[in-house]
Amino acid sequence: SQQGEEDPQALSIQEGENATMNCSYKTSINNLQWYRQNSGRGLVHLILIRSNEREKHSGRLRVTLDTSKKSSSLLITASRAADTASYFCATEISSGSARQLTFGSGTQLTVLP
Amino acid sequence: KAGVTQTPRYLIKTRGQQVTLSCSPISGHRSVSWYQQTPGQGLQFLFEYFSETQRNKGNFPGRFSGRQFSNSRSEMNVSTLELGDSALYLCASSPRAGAFTDTQYFGPGTRLTVL
């Protein structure tokens, strides 16, 4: 089963509006990352937030992390049509000396012009 | 710098066959990770290689294997293909081993269809 579950599964907004996506996970993490994927292509890394951080910004992106609730949110402000893509959260977890990056189910964002 | 390249981009095989996929990381990157993406299971971590050694492994059967060469290029092999192996296989490279705090750079993927 997947570590992360994202909410909503699909989101449709108008250009200029803000988009918020949520990610919940099950086990303790080292860090949490957000990725974007355009139509079945490779993933693009957006932002990483460490387990001891609560909020991080990068351009129009704002990520929050609440480790007590095991959840994260990604906010995209002033959305553009080019932001249309699937967005995935990924958590790095450790099992002994092994590390693994586990992805959520993704949110399909559609930004309408 | 050139990005991560994967070959072939598309592949059609039949059940029972085996397949080898190739990934060339960004120059200077020594870690290569492989992922499987399917509509039902989403993105799942297969394994990570660094310095020709498998460093981390996901929960996949032994039919899935890989290797890394001295130039950091990596290959992934799937033997005795099953219909459920149809997926987009992505590889990602990063400078260091097991350090997912490094940004991972993904290739465009290989779309495998098993008939």
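Structural remarks
- Given (1) within 13 Å of chain B (Cβ to nearest Cβ); (2) at negative phi, index of the condition A:Thr20 fails: (1)
- Evaluation of B:Ser65 against (1) in contact with a Leu (Cβ under 6 Å, 6 or more places away or on another chain); (2) free of Cβ contacts under 8 Å to residues at least 40 places away in the same chain; (3) more than 9 Å from chain A (Cβ to nearest Cβ) (one fails), failing number: (1)
- Of all residues making up region A:88-113, the number that are hydroxyl-bearing (Ser, Thr, Tyr) and at the interface with chain B (Cβ under 7 Å from one of its Cβ atoms): 2
- Strands (runs of 3 or more DSSP E) contained in region B:9-60 and holding at least 1 residues away from chain A (no Cβ under 14 Å), surrounded by 13 or more Cβ atoms within 10 Å (Cβ to Cβ) and of a type outside the set (Asp, Glu): B:10-13, B:19-24
- In region A:95-113, of all residues being more than 16 Å from B:Pro39 (Cα to Cα) and not aliphatic (A, V, I, L, M), the one that is modelled with the lowest pLDDT corresponds to A:Ser97.
- Unmet requirement for B:Asn77, which otherwise passes all of (1) exposed (fewer than 14 other Cβ atoms within 10 Å of the Cβ); (2) away from chain A (no Cβ under 13 Å); (3) farther than 13 Å from B:Thr7 by Cα: (3)
The values are calculated or read from the model by the stated rules, or taken from the named source; none is laboratory data. This is a predicted model, so every value here is computed, not measured. Note: ideal-geometry Cβ built from the backbone for every residue, glycine included; neighbour counts use all protein chains shown.
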